[in-house]
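Novice: Submitted below is the structure of interest, expressed as structure tokens.
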Amino acid sequence: MKKKEFGLVRLSTAADANMAIPTGPFGIPGQSLFIRFFAVGFERDPANKQPNISIEMKIVDENGKATLEKPFADVVKLTSRRIWLPYP
């Protein structure tokens with residue numbers, strides 16, 4: 001049996017925030033793309049047993065060059081159930 005590790009599972013993409021209009025994993029310039037996934041295998045804060053996860057997403061062009069100066073980033077907070085990474 002393999003050791004439990006951090007991972008993102010059940011990744012899905014959609015054209016709307018309710019995930020009612022499925023799309024492929026690739027977008028075109030100007031298109032909104034909503035991404036949903038579940039994080040597994042992470043450690044919880046020993047004091048409050050809540051997740052302690054930072055998320056960062058970098059969008060790159062066909063040459064691997066970042067398209068934005070800063071990546072989208074957020075931290076899972078104690079009261080968060082969903083993480084929204086708004087366009088900067």
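The values are calculated or read from the model by the stated rules, or taken from the named source; none is laboratory data. Nothing here was measured: the structure is a model prediction, and the numbers come from that model. Quick reminder, even Gly has a Cβ in these numbers, built from the backbone with ideal geometry, and neighbours come from all protein chains shown.
Novice: Taking the condition within 24 Å of ALA17 (Cα to Cα) and assigned to a loop (DSSP other than H, G, I, E, B), does PRO46 pass?
Specialist: Numbers: within 24 Å of ALA17 (Cα to Cα): no; assigned to a loop (DSSP other than H, G, I, E, B): yes.
For PRO46, the condition - within 24 Å of ALA17 (Cα to Cα) and assigned to a loop (DSSP other than H, G, I, E, B) - is not met.
Novice: Taking region 20-53 on its own, how many of its residues are aromatic (Phe, Trp, Tyr), loosely packed, with under 11 Cβ neighbours inside 10 Å and touching a strand residue (DSSP E or B) at 6+ places or on another chain (Cβ under 8 Å)? Walk me through it before giving the result.
Specialist: As a first pass, look at region 20-53 and keep what is aromatic (Phe, Trp, Tyr): 26, 34, 37-38, 42.
Pick out the ones that are also loosely packed, with under 11 Cβ neighbours inside 10 Å and you get 26, 38.
Right, trim to touching a strand residue (DSSP E or B) at 6+ places or on another chain (Cβ under 8 Å) and you get 38.
Here the count works out to 1.
Novice: OK, next. If the Cβ limit is 9 Å and pairs must be 6+ apart or interchain, which residue in region 1-16 that is in a loop (DSSP other than H, G, I, E, B) pairs with which residue that is modelled with pLDDT under 85 and aliphatic (A, V, I, L, M)?
Specialist: LYS4/VAL40; GLU5/VAL40; PHE6/ALA39; PHE6/VAL40; PHE6/ILE53
Novice: What number of residues in region 49-64 are modelled with pLDDT of 80 or more and part of a loop (DSSP other than H, G, I, E, B)? Before the answer, list the steps.
Specialist: Taking region 49-64 and keeping what is modelled with pLDDT of 80 or more, we get 53-64.
Now restrict to residues that are part of a loop (DSSP other than H, G, I, E, B): 53, 58-59, 61-64.
Here the count works out to 7.
Novice: So which residues in region 2-60 are more than 16 Å from ASP74 (Cβ to Cβ) and aliphatic (A, V, I, L, M), if there are any at all? It would help to see each step written out before you state the result.
Specialist: Filtering region 2-60 down to residues more than 16 Å from ASP74 (Cβ to Cβ) leaves 2-7, 9-16, 18-33, 40-41, 43-49, 60.
VAL9, LEU11, ALA14, ALA15, MET19, ALA20, ILE21, ILE28, LEU33, VAL40, ALA47, VAL60, listed by residue number.
Novice: Further, regarding this structure: For region 17-43, how many residues are at pLDDT 85 or above and assigned to a loop (DSSP other than H, G, I, E, B)?
Specialist: 10
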